[in-house]
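Input: one structure, supplied below.
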Amino acid sequence: MPTITLLTDFGLTDTYVGQMKGVIHTLAPDATVIDLTHDVPPQQIIAGAVMLDAAVDAFDADTIHLAVVDPGVGTPRRPIALRTSHGTYVGPDNGLFTAILDRHGATHAVALTNRHYHRDLITATFHGRDIFAPAAAHLARGVAWPDLGEPIDPASLVRLHLPQPQPHGHGLTLHVVWIDHFGNLITDLKRDALDTDARITLRNTTIPTIARTFGDVPPGEPVAYFGSTGRLEIAVRNGSAAARFTATPGTTIDLQPADPTSTP
């Protein structure tokens, strides 16, 4: 039976995640359920999209990824399931799967309209438990896609405008898209978009070069590197870059080529 991963902004203080797992266990007790994270910043769909995209390559193409960052729950936004070349995704049609669609596209998608595959009682505020968890469990059990609801054109799926590096003089303006548990700042610059060394300026602090890893600078010093996400990250060795630079998602960072005669 396929693996089901979970990504939400629910946190672990309340019982919401446990209730979703209870539904999955009841319907698909042999499925393996893996928590990606439940600490997506509340209602931050873009952060959820980036975090999901960073995680899915660790799983095979048969994995079902259940993702819920859903500030529009109960509104006309569609509950969906979609299939890509690298996994199946279940969640709200609100742009949460933008980065996945950008990389992998979608071969087909359905709106989860067949109430036979929902819980008997559907609340307006907890579709994660009442619609999405049952759909993921039924897919794991082998329920056919057409049975879950109405087919929809993958081209109609909602996509957000994810932050992108913007040209600025001879360099680029980058944006923080996600801050991890360590306070590392993950930016919108992907490794393959930079073919030269660069210096980074953030809050009047300049990092003169892109390093390989944290240990390339002394403790307490800032460091820029391409991390496991494949994106440029800013950290403070043995500290928090988010605290050091009072950074939040959306904070801008200036990148200039280390060699003034070159361009990023």
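The values are calculated or read from the model by the stated rules, or taken from the named source; none is laboratory data. The shown structure was predicted, so the numbers you read here are calculated from the model rather than taken from an experiment. Cβ sites come from the backbone with ideal geometry, for glycine too, and all protein chains shown count toward neighbours.
Within the group T173, T248, which residue is in contact (Cβ under 8 Å) with a residue 40 or more places away in the chain, in a loop (DSSP other than H, G, I, E, B) and on the phi < 0 side of the Ramachandran plot?
Checking each option against the conditions leaves just T248.
Looking only at the range 188-210, decide whether some residue is closer than 24 Å to P42 by Cβ and buried (at least 20 other Cβ atoms within 10 Å of the Cβ).
Looking only at the range 188-210, we keep the residues that are closer than 24 Å to P42 by Cβ, and these are 188.
Okay, now just the ones that are also buried (at least 20 other Cβ atoms within 10 Å of the Cβ), so 188.
Yes - at least one qualifying residue is present in the range 188-210.
Inside the range 107-122, can you point out the residues that are within 23 Å of A61 (Cβ to Cβ) and crowded, with 21+ Cβ neighbours inside 10 Å?
Scanning the range 107-122 gives A109, V110, L112.
Listed here are the residues, each with its yes/no results for (1) assigned to a loop (DSSP other than H, G, I, E, B); (2) modelled with pLDDT of 95 or more; (3) closer than 23 Å to A47 by Cβ; (4) not assigned by TED's automatic domain parsing to the domain that holds V90.
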site	(1), (2), (3), (4)
R119	yes, yes, no, no
A124	yes, yes, no, no
D130	no, yes, no, no
P134	no, yes, no, no
A140	no, yes, no, no
P146	no, no, no, no
W178	no, no, yes, yes
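Let me ask something else about it. Check off (1) closer than 18 Å to T125 by Cα; (2) touching a residue at least 24 places away in the same chain (Cβ under 8 Å); (3) out of contact with any helix residue (DSSP H, G or I) (no Cβ under 6 Å at 6 or more places or on another chain) for L52 and give me the number that stays unchecked.
Here L52 clears every test but (1).
Could you check A61 against (1) small (G, A, S); (2) crowded, with 21+ Cβ neighbours inside 10 Å; (3) assigned to a loop (DSSP other than H, G, I, E, B) and say which number it fails?
For A61, the failing item is (2).
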